[in-house]
Structures are given as C-alpha cells and as structure tokens.
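No lab work stands behind these numbers, since they all come straight from the coordinates. It should be emphasised that the depicted structure is a prediction, and the values quoted were computed from it without experimental measurement. Heads up, the Cβs are rebuilt from the backbone with ideal geometry, glycines too, and the neighbour counts pull from every protein chain shown.
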Amino acid sequence: MSVLDASALLALLFKEPGHEGVAVAAEGALASTVNLAEVLTRFVRDGHDAPGVLQRLASYAIEWVPFDDVQAAGAAALWPRTRRAGLSLADRACLALALDRNLPVLTADRVWTQLGLPLDIRLIR
C-alpha cells in the first residue's frame, strides 16, 4: 500500500513515463482528496469534465482520504521544512497523509527526496 501524489495520478491518466508502476500501485493505494482536486482541476482547465475523469479513476481501487483537521495540521506543520522547495498545499497534503499512515509515497517530484523527511519517497521515473 502507498500514497499517490497528484503527479503520479497525472502520469497514470496521461500514460506518461512511469505510469505502468503507478497503475500497479494504484490498486489499494490512498490519495488525499486535495490531490484529487488538483488532478481534476488540471483536466477541467484543459476543457475536460470532472465526472469523466472521476470515472476513469474509478477503475482503480484508490481510497480517497478526506482532507480533515488532522491532515490540515500535518500539512501546515510541513510548511517550514518544504517552503524553500516550493511545495504546494496539495504536495504537503500528500506528504501529511503518508506520514500519518506511515506509508511510502509515489511521486514524480524529485525534490521530495531532498527534504529529509522520515518517509519512503518513491520516484515513478
């Protein structure tokens, strides 16, 4: 089991390099609803409808974890350590979820490996 970042979800949907590994990991993976919103926003921005993207994602057994007060506090606590690297709220939501659940995280963002967080950060490419 692992946590998927928006970059991993986008690689999966766009069939970008590394999508094969994400497809395998997606079965039973977790993702924050903040990351889901980020992915859906990207598609809506490009003229697609959100329900169609949700339908594509439904073919994977991804558990969408609501962004609650615990996740919010965890994401906020990461800000001092991640601000110089330019991590977004969605990035920090993903990391907070992974830290809370003590799970590895899949991402395409190489800078995450340089943050020194007590996490197993797995690059998809």
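Name the residue that is surrounded by the fewest Cβ atoms within 10 Å (Cβ to Cβ), counting only residues in the range 1-21 that are among the hydrophobic types (A, V, I, L, M, F, W, C) and more than 19 Å from ALA93 (Cα to Cα).
Keep residues of the range 1-21 that are among the hydrophobic types (A, V, I, L, M, F, W, C), which gives 1, 3-4, 6, 8-14.
When the remaining residues are screened for being more than 19 Å from ALA93 (Cα to Cα), the result is 12-14.
Details: LEU12: 25, LEU13: 16, PHE14: 11.
Going through the qualifying residues, I end up with PHE14.
Taking the criterion of being aromatic (Phe, Trp, Tyr) and either on the phi > 0 side of the Ramachandran plot or part of a loop (DSSP other than H, G, I, E, B) (or both), the only residue of the range 64-122 that qualifies is PHE67.
Consider the range 39-97 and keep the residues that are in contact with a strand residue (DSSP E or B) (Cβ under 7 Å, 6 or more places away or on another chain) and either surrounded by fewer than 11 Cβ atoms within 10 Å (Cβ to Cβ) or not hydrophobic (A, V, I, L, M, F, W, C) (or both). The one that is nearest to LEU4 (Cα to Cα) is GLU63. Just to be sure, is SER32 of a type in the set (Ser, Thr, Tyr) and surrounded by fewer than 13 Cβ atoms within 10 Å (Cβ to Cβ)? Here the answer is no, as SER32 does not meet what is asked.
Could you check the range 20-38 and list, in sequence order, the residues that are in contact (Cβ under 8 Å) with a residue 12 or more places away in the chain, over 10 Å from the mean Cα position of the chain (by Cα) and assigned to a helix (DSSP H, G or I)? If the condition is that a residue be in contact (Cβ under 8 Å) with a residue 12 or more places away in the chain, over 10 Å from the mean Cα position of the chain (by Cα) and assigned to a helix (DSSP H, G or I), then GLY21, VAL22, ALA23, ALA25, ALA26, ALA37 are the ones that fit.
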